[in-house]
There are 2 protein chains.
Amino acid sequence: MNVNGMDFKELLKEKGCKLTTQRRAVLDVLNEHSGEHLSTEEIYGYVKEKCPEIGLATVYRTVQLFEEIKIIDKLNFDDGCSRYELSSNEEDHHHHHLICEVCNKVMEVEEDLLEGLEEQIENKYNFKITNHKVKFYGICSKCMES
Amino acid sequence: MNVNGMDFKELLKEKGCKLTTQRRAVLDVLNEHSGEHLSTEEIYGYVKEKCPEIGLATVYRTVQLFEEIKIIDKLNFDDGCSRYELSSNEEDHHHHHLICEVCNKVMEVEEDLLEGLEEQIENKYNFKITNHKVKFYGICSKCMES
DNA sequence: AACTTTGATGATATTGGATATCAATTGACA
DNA sequence: TGTCAATTGATATCCAATATCATCAAAGTT
């Protein structure tokens with residue numbers, strides 16, 4: 001049971017938290033749906049299949065904890081709820097999102113070409129950057145045809 | 001009464017909308033507080049000073065309309081509400097935000113150096129980019145000292 | 001293995017930002 | 001000035017997210 005090479009139980013212990021069945025089950029669901037951007041309610045739906053006694057509040061709490069220990073990222077696509085995805089490894093930073101304003105589909109951009117820009121900003125503004133979130137809005141190829 | 005060189009009343013008319021006292025007052029407040037990132041409730045507070053009969057629902061509706069006609073941008077700093085700022089002119093695209101994870105202060109990065117990156121993405125993913133939102137998280141100079 | 005401590009859980013009430021409703025009002029154009 | 005559709009204010013409502021609290025279960029400890 002490890003995430004990004006780190007032991008899951010150890011990550012929790014560092015925060016004084018316990019490894020529970022429910023937390024394990026939520027992590028499983030996130031792994032099984034990597035590449036998707038699940039809302040808390042959606043995670044709840046999937047987790048209930050293998051852990052029917054779990055409560056919605058627990059999923060909310062779990063997702064919040066997972067964000068704190070930095071194994072997931074919170075996403076906001078302006079659809080009325082927060083969505084989540086597994087964090088990528090430390091080294092390769094992370095990807096960006098392309099959001100089609102016509103069909104609302106969200107795609108991933110695997111590259112992360114902000115290194116140069118970040119360095120410029122760090123120097124000019126004396127601001128130590130630890131993370132970034134980038135969204136590009138526009139029209140996807142499919143919608144462009146129509 | 002114009003925004004970014006466009007006539008405000010004309011912008012509204014194109015959408016079949018009327019120029020009302022309330023909409024004028026909200027725009028005034030946004031102009032008087034440019035550089036800030038006001039929430040709807042905050043806008044409501046300021047507008048009421050000069051237009052005490054205005055209702056909160058109207059501010060919510062107005063802000064939504066202003067976003068549709070692209071004279072303001074919606075911001076999300078994960079503080080439980082949406083915030084807004086006047087859009088910059090079309091040509092110089094817009095700025096980014098630096099968010100200090102220690103003191104939660106939000107600063108502006110005036111440059112927009114994503115042109116090159118956008119072109120790469122447009123070609124590789126066949127996606128026509130019309131806008132972007134970029135947030136950098138980290139530690140500001142003040143918090144770095146402590 | 002039973003005990004103990006303390007964090008975690010599930011059910012549910014509550015919060016709070018945002019939206020829907022609707023009668024009354026007002027801007028825009030003839 | 002009259003007409004009509006868009007707009008407004010007040011308020012009810014929605015719903016994602018959080019708070020509450022009694023019960024439960026990890027993970028040490030003896």
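For the range B:39-98 and the range B:112-144, what is the separation of their C-alpha centers, rounded to whole Å?
Answer, in whole Å: 22.
Just to verify a number: FRET efficiency for A:Lys124 and B:Lys74, C-beta to C-beta distance, R0 = 22 Å, to 0.05?
Given R0 = 22 Å and the Cβ-Cβ separation, E is 0.25.
Calculate the dipole size of the range B:17-146 relative to its Cα centre from +1 charges on Lys and Arg beta carbons and -1 charges on Asp and Glu beta carbons; express the result in debye to the nearest 20.
620
Given the range B:96-145, what percent of its DSSP beta bridges are antiparallel, to the nearest 5?
Expressed as a percentage, antiparallel bridges in the range B:96-145 total about 50.
Return the lysines within reach of A:Lys13: Cα separation strictly under 30 angstrom, same-chain partners fewer than 8 residues apart disregarded; answer none if there are no such residues.
Those lysines meeting the cut-off are A:Lys48, A:Lys50, A:Lys70, A:Lys74, A:Lys128, A:Lys133.
Convert each backbone phi in the range A:69-75 into a coupling constant with the Karplus relation 6.51 cos²θ - 1.76 cosθ + 1.60 (shift: θ = phi - 60°), then list the ³J(HN,Hα) values in order as whole Hz, x for Gly and Pro.
Couplings: 8, 6, 9, 9, 10, 8, 10 Hz.
So if each residue of separation counts as 0.36 nm, and I subtract the Cα-Cα distance between A:Glu14 and A:Asp112, what length gain in nm does that give?
32.3 nm
Where both residues lie in chain B, what percent of DSSP beta bridges are antiparallel, nearest 5?
Here the share of antiparallel DSSP bridges comes out near 70 percent.
Exposure proxy check: A:Ile121, B:Ile139 ranked by fewest other beta carbons within 10 Å?
Starting with the residue having the fewest Cβ neighbours, the order is B:Ile139, A:Ile121.
Taking the Cβ of B:Glu49 as the center, what net charge do the other residues with Cβ under 11 Å away carry, scoring Lys and Arg +1 and Asp and Glu -1?
Overall, the nearby charge balance is 0.
Could you work out the mean projected area of the convex hull around the alpha carbons of the protein assembly as shown, in square nanometres to one decimal?
Taking a quarter of the hull surface, the average projection is 18.9 nm².
Compute, for the protein assembly as shown, the length of the dipole vector about the Cα centre, with Cβ point charges of +1 (Lys, Arg) and -1 (Asp, Glu) only. Units Debye, rounded to 20.
1280
Using the number of other C-beta atoms within 10 angstrom as an exposure proxy, rank B:Phe127, A:Phe77 with the fewest first.
Neighbour counts put them in this order, fewest first: A:Phe77, B:Phe127.
Which is farthest toward the positive dipole end of the protein assembly as shown among B:Asn131, A:Thr40, A:Asn123, measuring Cα position about the Cα centre, with Cβ charges +1 (Lys, Arg) and -1 (Asp, Glu)?
It is A:Thr40, whose Cα lies furthest towards the positive end.
Please compute the average number of Cβ atoms from other chains found within 10 Å of each residue's Cβ in peptide B:99-108.
1
When the helices in the protein assembly as shown are scored as -39500 (n - 2.57) per DSSP H run of 4 or longer and the sum is shared across all residues, what 222 nm value do you end up with, to the nearest 500 deg cm²/dmol?
After summing the helix terms and dividing by the residues of the protein assembly as shown, the value is -11500 deg cm²/dmol.
To make sure I understand, if each residue's beta carbon is the centre and we count other beta carbons within 10 Å, what order do B:Asp73, B:Asp79 fall in, fewest to most?
Sorted ascending by nearby Cβ count, the order is B:Asp79, B:Asp73.
Residues of B:131-143, mean number of Cβ from any other protein chain within 10 Å of their own Cβ, rounded to a whole number?
6
State log₁₀ I(q)/I(0) for the range B:96-145 at q = 0.14, 0.23, 0.30 Å⁻¹ as given by the Debye formula over alpha-carbon point scatterers of equal weight, solvent excluded.
Results for the range B:96-145 at q = 0.14, 0.23, 0.30 Å⁻¹ read -0.48, -0.82, -1.09.
Principal axis extents for the range B:1-121, Cα atoms only, whole Å, descending order, please.
Projected onto its principal axes, the Cα set of the range B:1-121 covers 46, 36, 21 Å.
Mind checking A:115-124 for the average number of partner chain beta-carbons within 10 Å of each residue's beta-carbon?
Rounded to a whole number, the mean comes out at 3.
Percent antiparallel among DSSP beta bridges with both residues in the range A:2-86, to the nearest 5?
90
If we count every other residue with Cβ under 11 angstrom of A:Lys128's Cβ, Lys/Arg +1 and Asp/Glu -1, where does the sum land?
-3
The numbers here are math on the coordinates, done by the rules we state, and not lab data. Bear in mind that the values here come from a model prediction, so they are computed numbers and not experimental data. Every residue, glycine among them, receives a Cβ derived from its backbone with ideal geometry; neighbour counts consider all protein chains shown.
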